[in-house]
Amino acid sequence: MRSPIQHSTFNIEHSTFRFVLPLITSAIILAIWAIAVKLSGTKIFPSPAAVAKAIASLSEKSLLWRYIGDSLARVFAGYLAAIAVGIPIGFLMGWHAPLARAINPLIQMLRPISPLAWMPVAVIWFGVSNAAPIFLIFLASLFPIIVAAMNGVRNVPPMYLQAGRNFGLSTRQLMIRVVAPAVLPRIIVGLRLAFGIAWVVLVAAEMIAVDSGLGYLIIDARNAGKRYDLVVAGMLMIGVIGLLLDTGIRRVEEWIGKN
Amino acid sequence: MKVQFADVSMRFGAMEVLQHVTIGVEEGEFLCIVGPSGCGKSTLLNIAGGFLAPVAGSVTIDGETVTAPDRRRIFVFQERGVFPWLTVEGNIGFGLFDMPEEARRQRVAQYIQLVGLDGFEKAYPRELSGGMKQRVEVARALAVNPDVLFLDEPFGALDSITRLQMRSELLRIWRAERKTVLFVTHDIEESVQLADRVVVMSARPGRIRRVVDIDIAHPRDLSSTRYIELRDLIFGEIGLAHQV
């Protein structure tokens, strides 16, 4: 609960301030960037105007939209696969302590390995295909999802389980009617973190085996003719889309928290 | 006898928790179990509820040995047992999943009224006070029409004024529904206010020290000589001088 005093005196959360402040910050950063490029006289690093022009030309050729679409499709494919695999595994590990003891060390060992390190393996397994980058994104988001689901199930208050059993629920019913709703808030947080990681891994994933997408745009623009205006344009697009998606997931999180 | 504890003993690892507990509970009786904390009184209730198996002895209800939890006997915790993701209605109807929609609605409405939560049907537990959450839990238990209620320090987390109100509420409900009640508490006053009989347990390993009949008609006058006599008897039995 926010105190009513904050609301009545200086309403920073719900006023236009909320949008104006970040806009001012962005304008200042852009100005510094533009001046720095001008003063240094660099021929390689692009000015904000050059990046804007690059984005405009990309979107004119509708290349930008195709790349964004391809990147989103890959991230979602890998991420949804990680959800489909990770949540059941996490549930099982949270429910059966011996299973967690058996598998958890392996998961904790695999978790710190950067998805970049998996690139050669992904190419061997999936060849030059869309499946290779999807696999990398899948791997990157899988472990945080498993861990969130496992910890969620482990931390369901024992009273809820006892009450559920007392009312005659079978294990399956207990899972659906008690465990699932009890862990949902924690899992949603885990899913948001996992999505953040999946999106970060995109560039690395698109370094291999594909010829479209925002990650590919960056790699290709650098390799083919040092087009740094396109590199920065790709970076900006990844940042902006990441922000939008994160905001969207937070909305879902808040909505679920309220209901 | 509705509930019969026959020579129940319990151990957790090397720790003896209960020793040779034997007591019968009559149908419709309100039995309180008091004792110092850690004396095994909650364990005794969990054994009766079918959540723990004793290392020796048995509990029978209606002549059947208890081996697992059962909807005919519901366990009530402190108010933390209510499901935060369900509304008051959803919580109270939780155990009625195999009932037809219309009958369930009526049953839920009936118990919302019994515990005095009219108008809060759609409220979530976080919007309710501790006392109201406790009412939800009691109503959720009663709604499945159990014949035994196990209450494990149900009012322990409530403030003292709410606790007093909840006790008279519980007595009113108990008179209306005529359930057999086993009520665990460490509050001696509470036991003398509520129970037909009070089982006084020793410190761990828990044994029954004494069973005290509370022969005072309801509503009980908390300043009557008999009330004070019985209360002091139990205080003395637990080894507490009633002085601060």
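The values are calculated or read from the model by the stated rules, or taken from the named source; none is laboratory data. A quick note: this is a predicted structure, and the numbers were derived from the prediction, not measured. Positions of Cβ are generated from backbone atoms using ideal geometry, with glycine treated the same way; all protein chains shown enter the neighbour counts.
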- [ ] Quick one: count up the residues across the range B:161-206 that are part of a helix (DSSP H, G or I) and of a type outside the set (Phe, Trp, Tyr).
- [x] 23
Open item on the list: Of all residues being in contact with a Lys or Arg (Cβ under 8 Å, 6 or more places away or on another chain) and under 20 Å from A:Ile87 (Cβ atoms) in the range A:132-143, which is nearest to the other protein chains (Cβ to nearest Cβ)? Just the residue, please.
Closed with: A:Phe143
Open item on the list: Let me spell it out: the conditions are (1) in contact with an Asp or Glu (Cβ under 6 Å, 6 or more places away or on another chain); (2) more than 14 Å from chain A (Cβ to nearest Cβ); (3) buried (at least 22 other Cβ atoms within 10 Å of the Cβ), and B:Gly57 meets all of them except one. Which number is the exception?
Closed with: (3)
TODO: Check off (1) in contact with a strand residue (DSSP E or B) (Cβ under 6 Å, 6 or more places away or on another chain); (2) modelled with pLDDT under 90 for B:Ile161 and give me the number that stays unchecked.
DONE: (1)
Open item on the list: If B:Ala176 meets every condition in (1) closer than 24 Å to B:Gln134 by Cα; (2) in contact with a Gly (Cβ under 8 Å, 6 or more places away or on another chain); (3) not aromatic (Phe, Trp, Tyr) apart from one, which number is that one?
Closed with: (2)
Task: Matching residues, the range B:10-28, being surrounded by fewer than 19 Cβ atoms within 10 Å (Cβ to Cβ) and either at negative phi or among the hydroxyl-bearing types (Ser, Thr, Tyr) (or both) - done: B:Arg11, B:Phe12, B:Ala14, B:Met15, B:Glu16, B:Thr22, B:Ile23, B:Gly24, B:Glu26, B:Glu27
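Would you please name the residue that is nearest to A:Gly213 (Cα to Cα), looking only at residues in the range A:34-51 that are in contact (Cβ under 8 Å) with a residue 24 or more places away in the chain and surrounded by 12 or more Cβ atoms within 10 Å (Cβ to Cβ)? Please lay out each step first, then the result.
The initial filter retains those residues of the range A:34-51 that are in contact (Cβ under 8 Å) with a residue 24 or more places away in the chain, namely A:44-46, A:50-51.
From what is left, the residues that are surrounded by 12 or more Cβ atoms within 10 Å (Cβ to Cβ) are A:45-46, A:50-51.
Numbers: A:Phe45: 22, A:Pro46: 21, A:Ala50: 21, A:Val51: 18 Å.
The qualifying residue nearest to A:Gly213 (Cα to Cα) is A:Val51.
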Open item on the list: Test of understanding: among A:Ala149, A:Ala163, which residue is away from chain B (no Cβ under 13 Å) and surrounded by 19 or more Cβ atoms within 10 Å (Cβ to Cβ)?
Closed with: A:Ala149
- [ ] Quick one: count up the residues across the range A:176-211 that are within 14 Å of chain B (Cβ to nearest Cβ) and among the acidic types (Asp, Glu).
- [x] 0
Task: Test: residue in the range A:158-178 that is among the β-branched types (Val, Ile, Thr), at pLDDT 90 or above, touching a helix residue (DSSP H, G or I) at 6+ places or on another chain (Cβ under 6 Å) and assigned by TED's automatic domain parsing to the domain that holds A:Lys53 - done: yes
Open item on the list: Anything in the range B:109-128 that is more than 20 Å from B:Pro154 (Cβ to Cβ), within 14 Å of another protein chain (Cβ to nearest Cβ) and assigned to a helix (DSSP H, G or I)? List them, or say none.
Closed with: B:Glu127
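Conditions (1) of a type in the set (S, T, N, Q); (2) under 26 Å from A:Leu202 (Cα atoms); (3) free of Cβ contacts under 8 Å to residues at least 60 places away in the same chain; (4) in a helix (DSSP H, G or I), marked per residue:
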position	(1), (2), (3), (4)
A:Ile24	no, no, yes, yes
A:Ile32	no, no, yes, yes
A:Lys53	no, yes, no, yes
A:Ala56	no, yes, yes, yes
TODO: Note down all Cβ pairs under 9 Å where the first residue falls in the range A:58-72 and is touching a residue at least 60 places away in the same chain (Cβ under 8 Å), the second is of a type in the set (Asp, Glu), and they're at least six residues apart or on different chains.
DONE: A:Asp70/A:Glu206; A:Ser71/A:Glu206
TODO: Kindly provide the set of residues from the range B:74-96 that are within 8 Å of another protein chain (Cβ to nearest Cβ) and either farther than 19 Å from A:Val179 by Cα or aromatic (Phe, Trp, Tyr) (or both), ordered by number.
DONE: B:Ile74, B:Phe75, B:Phe77, B:Phe83, B:Trp85, B:Phe94
Task: B:Ala68, sole failed condition from (1) surrounded by 16 or more Cβ atoms within 10 Å (Cβ to Cβ); (2) not in a strand (DSSP E or B) - done: (1)
